[in-house]
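Engineer: Quick one: this structure, given as C-alpha coordinates, is what I'll be asking you about.
The values are calculated or read from the model by the stated rules, or taken from the named source; none is laboratory data. What you see is a predicted model; the values in this text were computed from it and never measured. Note that we place each Cβ from the backbone using ideal geometry, even for glycine, and neighbour counts take in every protein chain shown. For accessibility, only protein heavy atoms count, side chains too; no ligands or nucleic acids. Shrake-Rupley method; radii C 1.70, N 1.55, O 1.52, S 1.80 Å.
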Amino acid sequence: MQAHASDEQVRAVCEKIERAGFKAHPIPGAQRTAIGITGNQGLVEIGLEELPGVQEVIRVSKPYKLVSRDVKQDNTVVQFANGGSVGGKELMIIAGPCSVESREQTFASAERVARAGARFFRGGAYKPRTSPYAFQGLGEEGLRILAEVRSRWNLMIVTEAIDYESLDLVEEYADVIQIGARNMQNFSLLKRAGKAKKPVLLKRGMSATLEEFLMAAEYVMSEGNYNVILCERGVRTFADHTRNTLDLSIVPAVQRLSHLPILVDPSHGTGKRDKVSPLSRAAVAVGCDGLMVEMHCDPDRALSDGMQSLYPDQFDELMGAVRQIAPIVGRTVAPVTSAQPAAAR
Ligand code: PEP
Ligand code: MN
(Lines give C-alpha, C1' and ligand atoms only; values in the text may rest on other atoms or scores of the structure.)
(Ligands and ions follow the chains in the order given, each with its own letter.)
Protein backbone atom coordinates (compact mmCIF):
# COMPACT_ATOMS: atom_id res chain seq x y z
CA MET A 1 0.00 0.00 0.00
CA GLN A 2 1.06 3.62 -0.43
CA ALA A 3 2.62 5.26 2.63
CA HIS A 4 -0.43 7.48 3.20
CA ALA A 5 -3.06 4.76 2.55
CA SER A 6 -5.92 4.96 5.05
CA ASP A 7 -7.22 2.14 7.24
CA GLU A 8 -10.38 2.01 5.11
CA GLN A 9 -8.33 1.57 1.95
CA VAL A 10 -6.37 -1.27 3.56
CA ARG A 11 -9.64 -2.83 4.69
CA ALA A 12 -11.19 -2.52 1.22
CA VAL A 13 -8.22 -4.32 -0.37
CA CYS A 14 -8.39 -7.09 2.25
CA GLU A 15 -12.12 -7.52 1.64
CA LYS A 16 -11.61 -7.82 -2.09
CA ILE A 17 -8.93 -10.48 -1.56
CA GLU A 18 -11.16 -12.44 0.82
CA ARG A 19 -14.16 -12.17 -1.54
CA ALA A 20 -12.05 -13.79 -4.23
CA GLY A 21 -11.53 -16.75 -1.86
CA PHE A 22 -7.98 -15.98 -0.69
CA LYS A 23 -6.57 -15.00 2.69
CA ALA A 24 -5.40 -11.41 3.27
CA HIS A 25 -2.61 -10.64 5.73
CA PRO A 26 -2.28 -6.92 6.48
CA ILE A 27 1.21 -6.45 7.96
CA PRO A 28 1.91 -2.90 9.15
CA GLY A 29 5.48 -1.59 8.72
CA ALA A 30 7.27 1.60 9.71
CA GLN A 31 6.65 3.22 6.31
CA ARG A 32 3.60 1.45 4.93
CA THR A 33 1.32 -1.53 5.28
CA ALA A 34 1.94 -4.59 3.15
CA ILE A 35 -0.91 -6.99 2.44
CA GLY A 36 0.22 -10.58 1.88
CA ILE A 37 -2.08 -12.86 -0.10
CA THR A 38 -2.06 -16.60 0.53
CA GLY A 39 -4.27 -19.46 -0.56
CA ASN A 40 -3.75 -18.81 -4.28
CA GLN A 41 -2.28 -21.47 -6.54
CA GLY A 42 -0.92 -19.13 -9.18
CA LEU A 43 -1.17 -15.51 -10.21
CA VAL A 44 -3.94 -13.52 -8.55
CA GLU A 45 -5.79 -11.44 -11.11
CA ILE A 46 -8.56 -9.69 -9.27
CA GLY A 47 -7.72 -6.12 -10.24
CA LEU A 48 -6.14 -4.90 -7.03
CA GLU A 49 -3.99 -2.28 -8.79
CA GLU A 50 -7.03 -0.10 -9.47
CA LEU A 51 -8.09 0.14 -5.83
CA PRO A 52 -7.35 3.42 -4.02
CA GLY A 53 -4.21 3.37 -1.84
CA VAL A 54 -2.55 0.48 -3.66
CA GLN A 55 1.06 1.18 -4.57
CA GLU A 56 1.98 -2.01 -6.43
CA VAL A 57 1.19 -5.69 -6.70
CA ILE A 58 4.26 -7.90 -6.39
CA ARG A 59 4.43 -11.58 -7.20
CA VAL A 60 6.49 -13.45 -4.58
CA SER A 61 8.05 -16.41 -6.29
CA LYS A 62 9.74 -17.83 -3.20
CA PRO A 63 8.03 -20.66 -1.29
CA TYR A 64 7.90 -18.51 1.84
CA LYS A 65 5.77 -15.42 1.34
CA LEU A 66 4.80 -13.60 4.52
CA VAL A 67 8.27 -14.19 6.00
CA SER A 68 9.92 -12.70 2.94
CA ARG A 69 11.34 -9.22 2.46
CA ASP A 70 9.55 -9.16 -0.88
CA VAL A 71 6.27 -8.79 1.02
CA LYS A 72 7.59 -6.46 3.72
CA GLN A 73 10.84 -4.53 3.37
CA ASP A 74 11.06 -3.00 6.85
CA ASN A 75 12.33 -5.12 9.71
CA THR A 76 9.64 -6.48 11.99
CA VAL A 77 9.89 -4.85 15.40
CA VAL A 78 8.08 -6.45 18.33
CA GLN A 79 7.43 -4.22 21.36
CA PHE A 80 6.90 -5.44 24.92
CA ALA A 81 5.07 -4.03 27.92
CA ASN A 82 8.26 -3.47 29.95
CA GLY A 83 9.82 -1.25 27.28
CA GLY A 84 11.83 -4.01 25.67
CA SER A 85 11.70 -4.74 21.98
CA VAL A 86 13.29 -6.89 19.30
CA GLY A 87 14.08 -6.11 15.70
CA GLY A 88 14.86 -2.43 16.34
CA LYS A 89 18.05 -0.90 17.69
CA GLU A 90 17.95 -2.45 21.14
CA LEU A 91 19.27 -5.99 21.51
CA MET A 92 16.81 -8.46 23.04
CA ILE A 93 18.72 -10.17 25.83
CA ILE A 94 16.98 -13.24 27.24
CA ALA A 95 18.67 -15.06 30.12
CA GLY A 96 17.77 -17.55 32.80
CA PRO A 97 18.05 -21.22 33.67
CA CYS A 98 17.27 -24.07 31.34
CA SER A 99 14.42 -25.19 33.63
CA VAL A 100 12.28 -23.74 36.35
CA GLU A 101 13.23 -26.09 39.20
CA SER A 102 11.88 -24.31 42.26
CA ARG A 103 10.71 -20.89 43.37
CA GLU A 104 14.01 -20.22 45.19
CA GLN A 105 16.21 -21.22 42.23
CA THR A 106 14.09 -19.23 39.79
CA PHE A 107 13.97 -16.09 41.93
CA ALA A 108 17.71 -16.20 42.68
CA SER A 109 18.45 -16.51 38.96
CA ALA A 110 15.92 -13.84 37.95
CA GLU A 111 17.36 -11.30 40.38
CA ARG A 112 20.78 -11.61 38.72
CA VAL A 113 19.29 -11.44 35.22
CA ALA A 114 17.41 -8.27 36.09
CA ARG A 115 20.33 -6.63 37.89
CA ALA A 116 22.59 -7.28 34.90
CA GLY A 117 20.14 -5.25 32.78
CA ALA A 118 18.41 -7.92 30.70
CA ARG A 119 14.70 -7.35 30.07
CA PHE A 120 13.69 -10.95 29.32
CA PHE A 121 13.77 -14.03 31.51
CA ARG A 122 13.79 -17.60 30.23
CA GLY A 123 13.09 -20.88 32.01
CA GLY A 124 11.34 -24.01 30.89
CA ALA A 125 8.25 -25.21 32.73
CA TYR A 126 7.85 -27.97 30.14
CA LYS A 127 11.11 -29.60 29.09
CA PRO A 128 11.64 -31.68 25.94
CA ARG A 129 14.21 -34.15 27.32
CA THR A 130 16.04 -36.84 25.41
CA SER A 131 15.39 -39.30 28.26
CA PRO A 132 11.92 -39.94 29.66
CA TYR A 133 13.59 -40.39 33.06
CA ALA A 134 15.15 -36.92 33.09
CA PHE A 135 13.47 -33.94 34.84
CA GLN A 136 10.46 -32.97 32.74
CA GLY A 137 9.69 -29.59 34.29
CA LEU A 138 7.21 -28.34 36.88
CA GLY A 139 4.40 -27.71 34.40
CA GLU A 140 1.79 -25.14 35.41
CA GLU A 141 3.43 -24.62 38.79
CA GLY A 142 6.53 -23.52 36.88
CA LEU A 143 4.47 -21.08 34.85
CA ARG A 144 3.04 -19.57 38.04
CA ILE A 145 6.57 -19.04 39.36
CA LEU A 146 7.51 -17.32 36.10
CA ALA A 147 4.48 -15.04 36.34
CA GLU A 148 5.67 -14.03 39.82
CA VAL A 149 9.10 -13.24 38.41
CA ARG A 150 7.47 -10.92 35.87
CA SER A 151 5.62 -8.93 38.49
CA ARG A 152 8.56 -8.76 40.87
CA TRP A 153 11.32 -7.91 38.38
CA ASN A 154 9.46 -6.42 35.41
CA LEU A 155 11.06 -9.10 33.24
CA MET A 156 9.16 -10.42 30.22
CA ILE A 157 8.82 -14.20 30.30
CA VAL A 158 9.98 -16.51 27.51
CA THR A 159 9.05 -20.17 27.99
CA GLU A 160 8.56 -23.22 25.84
CA ALA A 161 5.37 -24.97 24.77
CA ILE A 162 6.11 -28.58 23.84
CA ASP A 163 2.65 -29.60 22.66
CA TYR A 164 -0.93 -28.41 22.19
CA GLU A 165 -1.89 -28.69 25.86
CA SER A 166 1.11 -26.79 27.14
CA LEU A 167 0.66 -24.13 24.46
CA ASP A 168 -2.74 -23.15 25.88
CA LEU A 169 -1.20 -22.67 29.31
CA VAL A 170 2.02 -21.03 28.07
CA GLU A 171 -0.06 -18.56 26.07
CA GLU A 172 -1.92 -17.63 29.23
CA TYR A 173 1.16 -17.07 31.42
CA ALA A 174 4.07 -16.09 29.16
CA ASP A 175 5.00 -13.02 27.14
CA VAL A 176 6.77 -15.02 24.41
CA ILE A 177 5.89 -18.59 23.39
CA GLN A 178 9.02 -20.61 22.62
CA ILE A 179 8.84 -23.43 20.08
CA GLY A 180 11.88 -25.64 20.50
CA ALA A 181 14.27 -27.13 17.97
CA ARG A 182 12.64 -30.55 18.21
CA ASN A 183 9.28 -29.05 17.33
CA MET A 184 10.39 -26.79 14.48
CA GLN A 185 8.56 -28.99 12.02
CA ASN A 186 5.65 -29.96 14.26
CA PHE A 187 3.26 -28.37 11.81
CA SER A 188 0.09 -28.70 13.87
CA LEU A 189 1.85 -27.03 16.81
CA LEU A 190 3.13 -24.25 14.52
CA LYS A 191 -0.42 -23.64 13.28
CA ARG A 192 -1.70 -23.48 16.85
CA ALA A 193 1.08 -20.98 17.68
CA GLY A 194 -0.07 -18.99 14.66
CA LYS A 195 -3.46 -18.53 16.33
CA ALA A 196 -1.90 -17.37 19.60
CA LYS A 197 -2.04 -13.74 20.66
CA LYS A 198 1.56 -13.69 21.95
CA PRO A 199 4.84 -13.45 19.97
CA VAL A 200 6.47 -16.75 19.06
CA LEU A 201 10.18 -17.50 19.44
CA LEU A 202 10.96 -20.21 16.92
CA LYS A 203 14.19 -22.17 17.32
CA ARG A 204 15.95 -23.68 14.34
CA GLY A 205 15.72 -27.46 14.09
CA MET A 206 19.01 -29.22 14.63
CA SER A 207 19.27 -30.25 11.00
CA ALA A 208 17.06 -27.63 9.37
CA THR A 209 18.14 -25.74 6.28
CA LEU A 210 17.55 -22.01 6.02
CA GLU A 211 14.56 -22.63 3.77
CA GLU A 212 13.00 -25.18 6.15
CA PHE A 213 13.51 -22.72 9.02
CA LEU A 214 11.78 -19.91 7.12
CA MET A 215 8.97 -22.23 6.03
CA ALA A 216 8.36 -23.13 9.67
CA ALA A 217 8.00 -19.42 10.44
CA GLU A 218 5.66 -19.15 7.45
CA TYR A 219 3.37 -21.74 9.09
CA VAL A 220 3.02 -19.49 12.14
CA MET A 221 2.49 -16.33 10.10
CA SER A 222 0.04 -17.99 7.71
CA GLU A 223 -2.36 -18.36 10.64
CA GLY A 224 -2.22 -14.64 11.39
CA ASN A 225 0.51 -14.31 14.03
CA TYR A 226 3.07 -11.98 12.48
CA ASN A 227 5.23 -11.57 15.59
CA VAL A 228 7.73 -14.33 14.99
CA ILE A 229 11.27 -14.17 16.38
CA LEU A 230 13.76 -16.64 14.90
CA CYS A 231 16.56 -18.19 16.96
CA GLU A 232 19.70 -19.99 15.80
CA ARG A 233 20.74 -22.64 18.37
CA GLY A 234 23.33 -24.74 16.59
CA VAL A 235 23.07 -27.69 14.26
CA ARG A 236 24.36 -31.25 14.32
CA THR A 237 27.73 -31.79 12.67
CA PHE A 238 30.66 -34.18 13.04
CA ALA A 239 32.29 -31.79 15.52
CA ASP A 240 32.75 -33.37 18.94
CA HIS A 241 34.36 -30.46 20.77
CA THR A 242 30.89 -28.91 21.12
CA ARG A 243 27.34 -30.19 21.59
CA ASN A 244 26.20 -28.46 18.39
CA THR A 245 27.87 -26.24 15.80
CA LEU A 246 26.63 -22.68 16.13
CA ASP A 247 25.91 -21.43 12.63
CA LEU A 248 26.42 -17.69 12.85
CA SER A 249 26.37 -17.35 9.08
CA ILE A 250 22.62 -17.89 9.17
CA VAL A 251 22.18 -14.44 10.74
CA PRO A 252 23.07 -12.38 7.64
CA ALA A 253 21.45 -15.05 5.46
CA VAL A 254 18.12 -14.65 7.29
CA GLN A 255 18.42 -10.87 7.30
CA ARG A 256 18.82 -10.80 3.54
CA LEU A 257 15.70 -12.87 2.88
CA SER A 258 13.41 -12.02 5.78
CA HIS A 259 12.18 -9.05 7.81
CA LEU A 260 11.88 -11.20 10.96
CA PRO A 261 14.28 -10.69 13.89
CA ILE A 262 16.92 -13.37 14.47
CA LEU A 263 18.44 -14.19 17.85
CA VAL A 264 21.36 -16.46 18.70
CA ASP A 265 21.43 -19.03 21.52
CA PRO A 266 25.11 -19.84 22.16
CA SER A 267 24.24 -22.05 25.16
CA HIS A 268 22.57 -24.86 23.21
CA GLY A 269 24.68 -23.78 20.25
CA THR A 270 27.89 -24.91 21.94
CA GLY A 271 26.80 -26.88 25.01
CA LYS A 272 29.91 -25.79 26.89
CA ARG A 273 30.01 -22.97 29.42
CA ASP A 274 33.44 -21.67 28.43
CA LYS A 275 32.30 -21.16 24.84
CA VAL A 276 29.10 -19.23 25.62
CA SER A 277 30.60 -15.77 26.18
CA PRO A 278 33.00 -15.81 23.19
CA LEU A 279 30.21 -16.95 20.85
CA SER A 280 27.79 -14.41 22.34
CA ARG A 281 30.26 -11.65 21.53
CA ALA A 282 30.66 -13.00 18.02
CA ALA A 283 26.87 -13.20 17.58
CA VAL A 284 26.43 -9.54 18.52
CA ALA A 285 29.29 -8.59 16.19
CA VAL A 286 27.72 -10.53 13.33
CA GLY A 287 24.57 -8.43 13.70
CA CYS A 288 22.02 -10.62 15.44
CA ASP A 289 18.97 -8.99 17.04
CA GLY A 290 19.62 -10.48 20.46
CA LEU A 291 20.83 -13.36 22.57
CA MET A 292 19.24 -16.16 24.51
CA VAL A 293 21.65 -17.36 27.19
CA GLU A 294 21.29 -19.98 29.92
CA MET A 295 22.35 -18.65 33.31
CA HIS A 296 21.76 -20.46 36.61
CA CYS A 297 22.22 -19.25 40.18
CA ASP A 298 24.00 -22.55 40.95
CA PRO A 299 24.84 -24.36 37.68
CA ASP A 300 26.58 -27.25 39.42
CA ARG A 301 23.25 -28.26 40.91
CA ALA A 302 21.07 -27.57 37.85
CA LEU A 303 18.53 -30.25 36.92
CA SER A 304 19.16 -29.64 33.21
CA ASP A 305 21.92 -28.12 31.06
CA GLY A 306 24.14 -27.13 34.01
CA MET A 307 27.29 -27.67 31.90
CA GLN A 308 26.33 -24.91 29.50
CA SER A 309 24.82 -22.50 32.03
CA LEU A 310 26.81 -19.39 32.97
CA TYR A 311 27.50 -18.51 36.59
CA PRO A 312 25.82 -15.21 37.49
CA ASP A 313 29.17 -13.37 37.62
CA GLN A 314 30.02 -14.65 34.16
CA PHE A 315 26.70 -13.29 32.91
CA ASP A 316 27.55 -9.87 34.38
CA GLU A 317 30.85 -9.95 32.53
CA LEU A 318 29.14 -10.98 29.32
CA MET A 319 26.68 -8.09 29.60
CA GLY A 320 29.64 -5.75 30.05
CA ALA A 321 31.24 -7.05 26.87
CA VAL A 322 27.95 -6.86 24.94
CA ARG A 323 27.55 -3.24 26.04
CA GLN A 324 30.96 -2.48 24.53
CA ILE A 325 30.39 -4.30 21.24
CA ALA A 326 26.77 -3.21 20.62
CA PRO A 327 27.48 0.43 19.63
CA ILE A 328 30.08 -0.69 17.07
CA VAL A 329 27.31 -2.49 15.18
CA GLY A 330 24.74 0.26 15.75
CA ARG A 331 22.91 -1.44 18.60
CA THR A 332 21.94 -0.51 22.13
CA VAL A 333 21.42 -2.49 25.33
CA ALA A 334 18.82 -1.64 28.00
CA PRO A 335 20.31 0.40 30.84
CA VAL A 336 21.11 -1.40 34.09
CA THR A 337 19.02 1.15 35.97
CA SER A 338 15.84 -0.32 34.47
CA ALA A 339 16.28 -3.34 36.76
CA GLN A 340 14.51 -2.61 40.02
CA PRO A 341 12.26 -4.92 42.02
CA ALA A 342 8.61 -3.98 41.82
CA ALA A 343 8.54 -2.65 45.36
CA ALA A 344 11.28 -0.12 44.57
CA ARG A 345 9.70 1.14 41.37
C1 PEP B 1 15.83 -24.67 25.55
O2 PEP B 1 15.87 -23.50 25.12
O3 PEP B 1 15.90 -24.95 26.76
C4 PEP B 1 15.79 -25.78 24.59
C5 PEP B 1 15.32 -26.97 24.93
O6 PEP B 1 16.29 -25.44 23.39
P7 PEP B 1 16.33 -26.24 21.99
O8 PEP B 1 14.91 -26.44 21.60
O9 PEP B 1 17.07 -25.28 21.10
O10 PEP B 1 17.07 -27.52 22.23
MN1 MN C 1 18.44 -26.01 27.94
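Engineer: I'd like the carbon and sulfur percentage of the solvent accessible area for the chain, probe radius 1.4 Å, heavy atoms only, ligands and nucleic acids excluded.
Structural biologist: 50
Engineer: Which order, highest average first, do 85-93, 6-14 follow once you tally other Cβ atoms within 10 Å for each residue and take the mean per peptide?
Structural biologist: Order by mean packing, descending: 85-93, 6-14.
Engineer: Going by a ≥ b ≥ c, the root eigenvalues of the Cα gyration tensor, does the range 35-74 fall in the rounded group (a/c under 1.5), the prolate group (a/b larger than b/c) or the oblate group?
Structural biologist: Oblate shape, in that a/c is at least 1.5 and b/c is the bigger or equal ratio.
Engineer: Sticking with this one: Just grab the label-to-label distance for E140 and E15, each label 7 Å out from Cα along the Cβ direction, in nm (one decimal).
Structural biologist: In this crude spin-label approximation the distance works out to 4.3 nm.
Engineer: What is the pair-distance distribution P(r) of the range 60-118, computed from all Cα-Cα distances in 5 Å bins starting at 0, with each bin given as a whole percent?
Structural biologist: Histogramming the range 60-118 at 5 Å steps yields 4, 15, 16, 14, 14, 12, 9, 8, 6, 2, 0 percent.
Engineer: If packing is taken as the average count of other Cβ atoms within 10 Å, what order do 127-135, 75-83, 287-295, 102-110 fall into, highest mean first?
Structural biologist: Listed from highest to lowest mean packing, they are 287-295, 102-110, 75-83, 127-135.
Engineer: Taking every pair of distinct Cα atoms and averaging 1/r, then inverting, what Kirkwood hydrodynamic radius in Å comes out for the range 192-268?
Structural biologist: One decimal place: 12.9 Å for the Kirkwood radius.
Engineer: Using only the Cα atoms of the range 117-194, what semi-axes does the equivalent ellipsoid have when each is the square root of 5 times a gyration tensor eigenvalue? Give whole Å, largest first.
Structural biologist: After scaling each eigenvalue by five and taking roots: 21, 15, 11 Å.
Engineer: May I ask which of K65/K191; K23/K65; K23/K191; K62/K195 have a Cα-Cα span longer than 18 Å here?
Structural biologist: K62/K195
Engineer: Using only Cα atoms and rounding to the nearest 10 degrees, what angle (0 to 90) does helix 7-19 make with the longest principal axis of the chain?
Structural biologist: Its long axis makes an angle of about 80 degrees.
Engineer: Let me ask something else. For the pair S207/I58, report the inter-label distance in nm, with labels modelled 7 Å from Cα in the Cβ direction.
Structural biologist: Rounded to a tenth, the inter-label distance reads 3.5 nm.
Engineer: Taking Cα atoms of the range 237-345, Rg/Rh with Kirkwood Rh, to two decimals?
Structural biologist: 1.00
Engineer: While we're looking at this one, here's another question. With both partners inside the chain, how many of the DSSP beta bridges are antiparallel, as a percent to the nearest 5?
Structural biologist: Bridges in the chain are about 25 percent antiparallel.
Engineer: Report P(r) for the range 11-119: all Cα-Cα distances, bin width 5 Å, range 0 to the bin holding the largest distance, values in whole percent.
Structural biologist: Bins of 5 Å from zero give 2, 10, 16, 15, 12, 9, 8, 8, 8, 6, 5, 1, 0 percent of pairs.
Engineer: Counting DSSP beta bridges in the range 1-126, what percent are antiparallel, to the nearest 5?
Structural biologist: The answer is about 75 percent antiparallel.
Engineer: Same structure again: Describe numerically, in nm with one decimal, the distance between label points set 7 Å from Cα along Cα→Cβ at R182 and at Q79.
Structural biologist: Inter-label distance under the simple model: 3.8 nm.
Engineer: Please state the shape class of the range 157-217: rounded when a/c is under 1.5, otherwise prolate if a/b exceeds b/c and oblate if not, all from the C-alpha gyration tensor.
Structural biologist: Prolate shape, in that a/c is at least 1.5 and a/b is the bigger ratio.
Engineer: Could I ask something else about it? What does the convex hull of the alpha-carbon atoms of the chain project to on average, in nm²?
Structural biologist: 17.8
Engineer: In addition: With +1 on each Lys and Arg Cβ and -1 on each Asp and Glu Cβ, and nothing else charged, work out how big the dipole of the range 177-317 is about its Cα centre, in Debye to the nearest 20.
Structural biologist: The dipole of the range 177-317 has a size of about 520 debye.
Engineer: Using only the alpha carbons of the range 38-176, what is the convex hull's orientation-averaged projected area in square nanometres?
Structural biologist: Mean projected area of the Cα convex hull: 12.3 nm².
Engineer: Which residue, chosen from N82, Y64, L146, occupies the Cα position most advanced towards the positive end of the dipole of the range 1-152, where the dipole is computed from +1 (Lys, Arg) and -1 (Asp, Glu) charges on Cβ about the Cα centre?
Structural biologist: The Cα lying farthest towards the positive end belongs to L146.
Engineer: With a 1.4 Å probe and every protein chain left in place, work out the accessible area per residue of the chain in Å², rounded to a whole number.
Structural biologist: With the other protein chains kept in place, the chain gives 43 Å² per residue.
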